[in-house]
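Take a look at the following structure, please.
The values are calculated or read from the model by the stated rules, or taken from the named source; none is laboratory data. Just so you know, these numbers come straight off a predicted model, no measurement behind them. Backbone-built Cβ (ideal geometry, glycine too); neighbour counts: all protein chains shown. Calculation scope for accessible area: heavy atoms of the full protein, side chains included, ligands and nucleic acids excluded. Shrake-Rupley method; radii C 1.70, N 1.55, O 1.52, S 1.80 Å.
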Amino acid sequence: MTDQPKSSDQVRFLDTIRAALGRADAPPVDFQSVIDNDLEKTYKDALAAIANRTVDQKKELLKNLEQAAQPLNLKVKPVKDIQTASASIAELVQSKQPEWGTHKQVVAWQHPLVEKLDLTALLAEHNIPVVFTEQLSEAATAEKIEKHRRQVRQSCEDAFIGVTAADFCVAETATLVMKTRPGCARSVSLVPSIHVAVIKLSQIVSNLKELYAHLSWDFTHKAEGLTNCMTFISGPSKTADIEFTMVHGAHGPREVYIYVITD
Amino acid sequence: MVLINTEKYIAEAKEAMKDSNLQKALSSFQHRIGPATAATYQKLPEGPELRLKAHDMRMRAIENLDVLLEVLADNIHRRGGRVFFAATAKEAVDYCLQVAHQHRVKKIVKGKSMVTEEIGFNEALIAAGIEVTETDLGEYIIQLAREHPSHIIAPAIHKTRKDIGRLFADKLGIPYTDDPPTLTQAARKALRAKFMAADMGVSGCNLACAETGHITTVSNEGNIRMSTTLPPIHVAFMGMERVVASLEEHDILFRLLARGAAAQNMAGYVSYVGGPATSDQSDGPQEFHLIIIDNGRSRILADVEFREMLCCIRCAACLNVCPVYGKIGGHAYGFAYSGPVGAVVTPLLVGINRAKDLCQGETLCGACQDACPVNIDIPRMLLALRAKLADGDKDWNVVRNSLAEKVAFQFWAWVISKRARYDRFLQLGYLAQKWMPGADGMISRLPLALHGWTRSRDIKSVAKASFKKRWQNRQS
């Protein structure tokens, strides 16, 4: 059921379609009858089939991910635990130079896994600030929201590296999947020149079919929905618009790293 | 406002064939991507037959468009997004202008969208004093050069790196270079400033999902994510046919789309957008408008002969294999849609008579259907359009193309319907050809209206006795 009365443009438009389909006077068709139930079932079954994947099988997926990532110029870094990930990311931050200025700053999601990296402490000794895209309280005034949004925008513009988590990573296509949640600003994986994502081994799924099976049929994901913005990222930004020559870094990040925590 | 140049097809095609840079670019492009796409279909776990399944899915969606669009709109409303149903190009543009005026929008950044080309969006907004910047690198090049895209996915393939180097030196004030990475970096820098300053971001929609209430945008550059994340307002334009019922269908269709469009396993970025940012989110547009466009599509939907064309997801795979597109390029087609898809869609949208050369120019070789990720029978529809041109059609307001041609074919049909009559006709031809110029058993110029056929090649002369006659003589 819809919450709003139908606008006149919608009524007129859909009437035209009904007439074109030759069912202007037919009783309304139920949406459920349009859904291909057999197709849906194959996804539901696929999800059940992968419920008990062994550690070895999961490591196999990691290998597939590394293979798929290579031609995309996407770097996959398996690390045994969160400390190793932190150290490695801190090293990366030190070794890379900013694209747009000289000031080094990192922007990161306010997300449990990202916070566990404790990058603030690690990078403090090198005078590299880490700014988190904090979650606003629900009671925030419009003015406060505006100010907060401006700050987040500025931090993302100023940062040369953005650190995020992800919901899933698809091995076959090397695709990071991220829903939008409070504290997890979209710009962090978009505006800085380098995007670093941290995931756990268990978040790797084999292929797109498994991904869609999770999104549609996994209990928590089904309940949450896709959120108002779900993004798939398969490698760094690229273009081949000039004489079909592949160039990385058209608009989005020029480099993407995925740290996979295997323990 | 909308630029339609379909009448210039033949003249433009001739021009294109004289352009050696374009010929080189088209040939190299088709050689690279055409076979690569075919190979990726072969490598699908389900095999190339998955395209047939995808075709069924798309047909099912098209035949339930009313239901799907209503559910899609309801779901987007629920998240605080607005949906406008535009019957015409003008309604769509006017709605967007109204939103722009309401918010005093001065600068728009735009992701690539064919439907906005179709409705003349850029021209209308620029006329209203609003700056519109195309952000896909290819589209940006085309916009700087004040041209129109010549390919759906690779809009600037007709330009050489030297052309682009000179263009950027002139328009962006950078030192001349023909190095693609340096040129790309220059555009990256210039457009980054545009993204940050824009008051509105505009995108198309590749394929919406009714069940979840999302549109999707697909790019490799990340420009559409930039356009739809940074500005405070996101306006998305969507042809009414670009929707399916359930999320599961996206798995199959996106795998095929990436293969058809760029022989990729997956596009660089795919985003599902289902409404504005909520107040507890730190970024993303605070307003989201979806404009669903008819603009002649319901007429295509009403005709079962052409309904199948609405399955198209505009991946441009057919352009990449078409022998005609491969010689004449995209501009000759005179409208937003070029290649085989353009040869069917354009006549249906702008008028079959007006765009008659488009459907008559194709070869019916069938390569487009084999390359199509949703297996659309384009050759069948090209023939159907030609039949309408031959006979005229009231429903589509088609005036018969040529009465003389019709009479000639009627006469021919009459001649070949009786063997004796046909034999007499051949004898007549045998006698008449003595007055026609030619040599070595070939005729180099046919008389009257038929001479068009011999303008670029000779025709074999009629033999003294027909094959049938000679066969009979041999047997006896």
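Which of the aspartates and glutamates could a cross-linker bridge to B:LYS159, judged by Cα under 18 Å and excluding same-chain residues fewer than eight apart?
Within the straight-line cut-off, B:LYS159 pairs with A:ASP241, A:GLU243, B:GLU12, B:GLU15, B:ASP19, B:GLU134, B:ASP136, B:GLU139, B:GLU147, B:ASP170, B:ASP178, B:ASP179.
Pull out a ≥ b ≥ c, the square roots of the eigenvalues of the alpha-carbon gyration tensor of segment B:6-298, then state rounded if a/c is under 1.5, prolate if not and a/b is larger than b/c, and oblate in the remaining case.
Note, shape of segment B:6-298 comes out oblate.
Report the residue, chosen from A:LEU119, A:LEU65, A:LEU92, that carries the largest GNM mean-square fluctuation when chain A is represented by alpha-carbon nodes joined by springs under 10 Å.
Comparing A:LEU119, A:LEU65, A:LEU92 in a Gaussian network model of chain A, the most mobile one is A:LEU92.
Let me ask something else. Mind listing the long-range amide H neighbours of A:ASP36? Cut-off is under 5 Å, sequence gap 5 or more, other chains count too, H placed in the peptide plane at 1.01 Å from N.
none
Using a 1.4 Å probe over the heavy atoms of the protein chains, calculate the carbon and sulfur portion of the accessible area of segment B:417-475 as a whole percent.
On the way: 2980 of 5130 Å².
For segment B:417-475, the apolar C and S fraction of the accessible surface comes to 58 percent.
What total accessible area, in Å², is buried where chains B and A meet, using a 1.4 Å probe and rounding to the nearest 100? Provide the component values of the computation, followed by the final result.
Values: alone 23450 and 16230 Å², together 31570 Å².
Rounded to the nearest hundred, the buried surface is 8100 Å².
Tell me the carbon and sulfur percent of the accessible area for segment B:6-298, rounded to whole percent, probe radius 1.4 Å. All intermediate terms of the calculation are to be shown ahead of the outcome.
Details: 4980 of 9510 Å².
Result for segment B:6-298: 52 percent of the exposed heavy-atom area is carbon or sulfur.
Average partner chain C-beta neighbours within 10 Å, per residue of B:210-223?
What the average comes to for B:210-223 is 5.
Also: For segment A:1-49 and segment B:78-148, what is the centre-to-centre distance using only Cα atoms, to the nearest Å?
The two parts, judged by their Cα centres, are 29 Å apart.
Next question, about the same structure. Take the alpha-carbon centre of segment B:195-258, take the same for segment A:199-263, and report the distance between them in whole Å.
For segment B:195-258 versus segment A:199-263, the Cα centre distance is 15 Å.
Where is the GNM fluctuation largest for chain A (alpha-carbon springs, 10 angstrom cutoff): A:ASP218, A:ASP38, A:ASP15?
A:ASP15
Roughly how many Å² is the accessible area per residue of segment B:417-475, as a whole number, for a 1.4 Å probe? Walk me through the numbers on the way to the answer.
Working: 5130 Å² over 59 residues.
Roughly 87 Å² per residue, with all protein chains present.
Something else about it: Using the Cα centre of the protein assembly as shown as the reference point, and only Cβ charges (+1 on K/R, -1 on D/E), how large is the resulting charge dipole? Debye, rounded to the nearest 20.
Details: 89 positive and 83 negative charges, 679 e Å.
Once rounded to the nearest 20, the dipole reads 3260 debye.
Further, regarding this structure: Would you pull out the residues with amide H under 5 Å of B:ARG82's amide H, same chain only if 5 or more places away, H placed 1.01 Å from N?
B:PHE288, B:HIS289, B:LEU290
Would you work out the charge dipole size for segment B:152-259 about its Cα centre, treating the Cβ of every Lys and Arg as +1 and the Cβ of every Asp and Glu as -1, and quote it to the nearest 20 debye? Before the final figure, lay out the partial values.
Values: 13 positive and 11 negative charges, 118 e Å.
The dipole of segment B:152-259 has a size of about 560 debye.
Roll a 1.4 Å probe over the protein chains and send me the accessible area per residue for segment B:6-298 in Å². Display every interim value, and only then the final one.
Numbers: 9510 Å² over 293 residues.
Result: 32 Å² per residue.
Right, another one. Grab the alpha carbons of segment A:183-263, take their convex hull, and tell me the volume per residue in Å³.
Values: hull volume 11.3 nm³, N = 81.
Value for segment A:183-263: 140 Å³ per residue.
I need the phi-derived Karplus couplings for segment B:374-380: 6.51 cos²θ - 1.76 cosθ + 1.60, θ = phi - 60°, integer Hz, Gly and Pro marked x.
After applying 6.51 cos²θ - 1.76 cosθ + 1.60, I find 10, 6, 6, 7, 5, x, 4 Hz.
Now for a different question. Would you mind calculating the gained length between B:LEU44 and B:LYS418 on full extension (0.36 nm times residue separation, minus the Cα-Cα distance), in nm to one decimal?
Working: separation 374, 0.36 × 374 = 134.64 nm, distance 5.19 nm.
Full extension from B:LEU44 to B:LYS418 adds 129.5 nm.
Here's a follow-up. Lone cysteines in chain B, defined as no other cysteine's Cβ under 4.7 Å from theirs: which are they?
B:CYS96, B:CYS205, B:CYS209, B:CYS311, B:CYS312, B:CYS315, B:CYS322, B:CYS359, B:CYS365, B:CYS372
Let me ask something additional. Just the number please: accessible area per residue for chain A, 1.4 Å probe, all protein chains included, in Å².
Working: 12040 Å² over 263 residues.
Per residue, chain A has an accessible area of 46 Å².
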